[in-house]
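Remarks on the structure that follows.
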Amino acid sequence: MSLGVHNAVYRHAVIRPRWPRSRHSHSLRHFTPTSRSRSIDPDPPIRETPNPNARNIAILGGGVTGLTTAWNLTKRIPDAKITIYERNDGLGGWVNSEQVEVKDGEVLFEWGPRTLRPALTGSGRATVDLLLDLGLSQQVIAISKRSPAALNRFIYYPDHLVLMPGPVPGIWDGIQRLWSLWSEPIHEGVVSGLLGETFVSPRSSILEDESVGRFLTRRFGKNIADNIASAFFHGIYAGDLYQLSARTLLSSAWYLEGDEPRNELGVLVQMVLQGLGREMLIPGRMARYFMMEQHEQSGEFEPKREALKSLLRRSSVYTFKRGLGELTTSLESALAQNPNVKMLTSSHVKRVQFNRDEKYLQVECSRQPQGLVDTKYDYVVSTLGPNTIRDSLKETDGSVSSACTDSKSAVSVMVVNLYYSNPSLIPPSHAGFGYLIPRSVPYEQNPERALGVIFSSETSGNSREAREEKLRYMIESLELEQAQQNNGGDSTGAETKTKRSNVDNKTDNSVEKPRSHVEQLLKDFEQEHGQGQDTAPGTKITVMMGGHWWSGWKPDELPGEGEAVEMAQSLLKRHLGINEVPEVAKARLNRDCIPQYTVGYHGRMKTIHEALARDFQGRLKVAGPWWQGAVGVNDCVQKAREIAWSIEHQWDDKTGLEDVVNDQDYHRSDPAAA
């Protein structure tokens, strides 16, 4: 779903924000608030000077959320002292990139998230700002929308790879994909399920939540839920869609089903109308975010920002030359240069206590961190799991403790990275991002309990498409900077749009020149800037196993690293016919790495939100995947920025959970008025 309007004004806001540019041209003044709950103030007051009470701030957890929160605070409250507590002996959390030496060079293995989505009308905007702050824009490797990784997504069912419907490079490809809707068993019941969804009665008004599986089965049929949707929930959450919360993970669909009287159209028709630009639905959280973003931006034309956004508009996903780990290591390096920031590793936080009389919080560790004298803080931001919050709220009633305990569900994922020296290991017919495995695949086809397989070479930036996109980006950056200089450094909104259009045309021409000329440009460019992530030719494959399939297993029942490698090779032989022995194969178990947003998540977060607001008066805030109902890096970066705003502007009624609590706060456009 594409959300965005041009030059918008939020009806109740004191700031008049510009809306992100898109193909739509609606104005936010034509948006109608449609939430059924108004417990959260949509327009908090904005301070002209930073919060005077935020002198000493602690951040619990040194993953991407914690590091980004610290970075945002150093920008917005530069005089504040910031202390980061991290339990492990290194920072970065689950973001972990490893350079591995092979016979002909080096290859990069990712052990956590491996790519980012542009999401320029959503949480991806915060990431763009962060990359520019850290000087990482030149390290971006963009995977073009016309690359196999973007065009070809597969699901394994029941015993072979099936290409999913999606963008097609040509008419013949489109015909083949349409034919598969009738010929492939995985699509049985799909057409009838989609056509019949309009006639499905809405849920009962008293139903607060249900599982994703039940929601999809009820509205679209069990085949769609089990054969298709379960594969995607394996890939994103490694979870069981019959345990995960529909209200949390299908938030807009959940809202649309309950939005009377429009719900008579069904969920699918309403989503199609949004996709066609007939109407738009936007979460209140994003409306507030754009308001604050506009407040901070100068409105001047910024060549580097426009060039990066232009690159990402053409991209399906992106990464960095040294992997996503380059993001966290850059944050760590930048923070290390700030004398007001302390980073304490091997520091296990047990609980946080609040002195109501003197208005300070105290962080209690299992042992006193070396070199730390003062553990009293004005604000604390926790990115840790529910156990720490439960222990910090132990004096409250049992419902809060139960809410924390019931929210600590997480799954472990075994990641196996394999490198083969053969660059043609994957046949052209299977070239793409990889494939996911639904819950309905017979056991004999997936005894390893794999979740999915990623063809990692396709997103390493060594393809011709990725190299041309990088060259185009460099040309565009130079063109935009030159255009600004020629204009004396000033640009209006209209001039910015014209510049972007002109540069797009020029860079289009630059990469459409004769092949020999492009080859020379690429050669010259790569001599100066290098190629992609890997210097050795070959094929990289990543196999992900476990997740909810291994829930409840004891530690000694889980496979070791050597066994996991053998399991991955067995799977690849069965599914893809790969018999070659990898030159390098490594495995790593990420224990409890993905929180599970099970049914009732919203209610539990509401209970915890109220307890934090009551017992800590807004001084203890939470952020990160445990608390935001989303696991993406972009989501973490955006939440970190929002938390920094809440401290900067002294929004002590906010705990970090208000958007989860107010999850049905949506705004809808009025096409007739636009």
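Bear in mind these aren't lab numbers, they're just calculated from the coordinates by the rules spelled out. Predicted model, so just to flag it, every value in this text is computed and none were measured. Every residue, glycine among them, receives a Cβ derived from its backbone with ideal geometry; neighbour counts consider all protein chains shown.
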So residue 422 and residue 364, fully extended at 0.36 nm per residue minus their Cα-Cα distance, gain in nm 15.6 nm
Whichever lysines have a C-alpha closer than 24 Å to that of residue 621, once near sequence neighbours (fewer than 8 apart) are set aside = 75, 81, 342, 350, 359, 376, 394, 408, 606, 639, 654
Which of rounded, prolate, oblate describes region 567-671, given a ≥ b ≥ c as roots of the alpha-carbon gyration tensor eigenvalues and a/c under 1.5 marking rounded, otherwise prolate only if a/b is larger than b/c?
-> prolate
Computed E for residue 443/residue 556 - FRET, C-beta separation, R0 25 angstrom, nearest 0.05 | 0.65
Computed label-point distance, nm, for sites residue 345 and residue 101 using a 7 Å Cα→Cβ extension | 2.2
Could you compute the FRET efficiency for residue 429 and residue 304, with r as their C-beta to C-beta distance and R0 at 56 Å, rounded to 0.05?
-> 0.90
Cleavage-rule hits (trypsin sites (Lys or Arg not before Pro)) in region 96-144: DSSP loop, at most 12 neighbouring Cβ within 10 angstrom = 103
Applied in sequence order to region 472-482, the curve 6.51 cos²θ - 1.76 cosθ + 1.60 (Karplus, θ = phi - 60°) yields integer Hz couplings, x standing for Gly and Pro, of 4, 4, 5, 4, 4, 4, 5, 5, 5, 5, 5
For the pair residue 75 and residue 222, how long in nm is the line joining their label points, each one 7 Å along Cα→Cβ?
-> 5.0
Cα-based reach from residue 103 at 29 Å (exclusive), listing lysines while leaving out same-chain residues under 8 positions away = 321, 470, 523, 540, 573, 586
Can you work out ³J(HN,Hα) from phi for every residue in region 304-312, in order, using Karplus 6.51 cos²θ - 1.76 cosθ + 1.60 and θ = phi - 60°, giving whole Hz and x for Gly and Pro?
-> 5, 5, 5, 5, 5, 5, 5, 4, 6
Calculate the spin-label point distance for residue 486 paired with residue 566, positioning each point 7 Å from the Cα along the beta-carbon direction, and give it in nanometres.
-> 6.6
From the square roots a ≥ b ≥ c of the eigenvalues of the alpha-carbon gyration tensor of region 156-261, which class results: rounded (a/c under 1.5), prolate (a/b over b/c), or oblate?
-> prolate
Find how much the distance from residue 592 to residue 406 grows on full extension, using 0.36 nm per residue of separation minus their present alpha carbon separation; answer in nm with one decimal.
-> 65.5 nm
Output for region 118-213: GluC sites (Glu not before Pro) sitting in coil per DSSP, at most 14 other Cβ within 10 Å, listed by number, reads 208
Among 658, 610, which comes first, then next, by fewest other beta-carbon atoms within 10 Å?
-> 610, 658
Which aspartates and glutamates have a Cα lying under 19 Å from the Cα of residue 222, excluding residues fewer than 8 positions away in the same chain?
-> 184, 188, 197, 209, 210, 240, 257
Can you work out ³J(HN,Hα) from phi for every residue in region 352-365, in order, using Karplus 6.51 cos²θ - 1.76 cosθ + 1.60 and θ = phi - 60°, giving whole Hz and x for Gly and Pro?
-> 10, 10, 10, 8, 5, 5, 9, 6, 9, 10, 10, 9, 10, 9
Could you pull out the GluC sites (Glu not before Pro) across region 347-429 that fall in loop regions by DSSP (anything but H, G, I, E, B) with no more than 16 other Cβ atoms inside 10 Å?
-> 358, 395
5 angstrom amide H check on residue 621, placed H, neighbours 5+ away | 380, 381, 382
For region 134-162 and region 321-355, write down the distance between their C-alpha centroids in whole Å.
-> 30
